[in-house]
Amino acid sequence: VYKRQSHAHSLPRLVQRMTLAALTAIARLGLSRRNTPLPPIGEQAHLTAVLRLGSTFVPEITTMKPHYVYPPETVHVTVADLDRTGVDVAAAIDRLAALPLPAPTFAVEGLGCSPDTLFLRCIHDDRFDQLRLAVEQACELHPSRSPMSWLMRRLSFANVVRFDGPGEWQEIRVPRTEASCGILEIVRTDRYLSSQGTTVIQTIPLEHTG
């Protein structure tokens, strides 16, 4: 039975910054040794809820070939992966559309990296955690209870490069900016939110509150 709970609080901003920095330091150690090719582009294999960051753009990243560089309009924060939803997707979307969902604001504070990507470090407030919780509950998602999964659900980031084969770290300065997201998108997409690999199923306006 669907029961909505709205109580969710973000990690302190300092903890978010320190955790993203630590994960980046660990990932950088193995970048040159990775040998994984790019996932397929254009294959609509994933059902996902996303927030596009819109105007966020880092010109220097466009030189990082042969890796995949995300076009600015596709740079996004994933709210939840919906592939394991326990309910009908249309019913879950109807539930979400009927709720007063908060519009999160992200402070973009430089680059980080994972074993497979370079990403923008996005520091968020309670509204993002509240939105993520609402999506998970409406879709009856049951996140893993492992410590690492719990931690990753408390962080936010937006991929800007996906590595093809061995990765590389570049010291690229990213000016601190703020991005406010007013639309939640439910999409069927590839790993890139590419234009050829994405079908938008529903857009849901979010509420900007004080």
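What to note about this one:
- Complete set of residues in segment 135-152 that are in contact (Cβ under 8 Å) with a residue 12 or more places away in the chain and either open to solvent by 70 Å² or more (accessible area, probe 1.4 Å) or of a type in the set (Asp, Glu) (or both): Glu136, Glu140, His142
- Unmet requirement for Thr85, which otherwise passes all of (1) farther than 23 Å from Ser180 by Cα; (2) open to solvent by 50 Å² or more (accessible area, probe 1.4 Å): (2)
- Unique residue being touching a His at 6+ places or on another chain (Cβ under 9 Å), among the charged types (D, E, K, R) and either modelled with pLDDT of 95 or more or open to solvent by 40 Å² or more (accessible area, probe 1.4 Å) (or both) when the list is Arg17, Arg52: Arg52
- Positions within segment 170-182 being touching a strand residue (DSSP E or B) at 6+ places or on another chain (Cβ under 7 Å), in a loop (DSSP other than H, G, I, E, B) and open to solvent by 60 Å² or more (accessible area, probe 1.4 Å), in sequence order: Arg176
- The set of residues from segment 90-135 being in a loop (DSSP other than H, G, I, E, B) and farther than 23 Å from Thr19 by Cβ comprises Ala98, Leu99, Pro100, Leu101, Ala103.
Per-residue answers, yes or no, for (1) at pLDDT below 95; (2) more than 16 Å from the chain's Cα centre (by Cα); (3) within 27 Å of Leu38 (Cα to Cα):
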| site | (1), (2), (3) |
| --- | --- |
| Glu140 | yes, yes, no |
| Val160 | yes, no, yes |
| Glu171 | yes, yes, yes |
| Arg188 | no, no, yes |
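- Taken over segment 183-200, the criterion of being of a type outside the set (Lys, Arg) and crowded, with 16+ Cβ neighbours inside 10 Å is satisfied by Leu184, Glu185, Ile186, Val187, Thr189, Asp190, Tyr192, Leu193, Ser194, Gly197, Thr198.
Residue-wise test of (1) open to solvent by less than 10 Å² (accessible area, probe 1.4 Å); (2) at pLDDT below 95; (3) on the phi > 0 side of the Ramachandran plot.
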residue	(1), (2), (3)
Ser32	no, yes, no
Asn35	no, yes, no
Val75	yes, yes, no
Thr78	no, no, no
Ala90	no, yes, no
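- Residue tally, condition charged (D, E, K, R) and touching a helix residue (DSSP H, G or I) at 6+ places or on another chain (Cβ under 9 Å), over segment 137-191: 5
- Checking each residue in segment 58-73 for being crowded, with 16+ Cβ neighbours inside 10 Å and farther than 15 Å from Tyr192 by Cβ picks out only Val58.
The values are calculated or read from the model by the stated rules, or taken from the named source; none is laboratory data. Predicted, not measured: the structure shown is a model, and the values here were computed from it. Please note: Cβ atoms are built from the backbone with ideal geometry, for glycine as well, and neighbour counts cover all protein chains shown. For accessibility, only protein heavy atoms count, side chains too; no ligands or nucleic acids. Shrake-Rupley method; radii C 1.70, N 1.55, O 1.52, S 1.80 Å.
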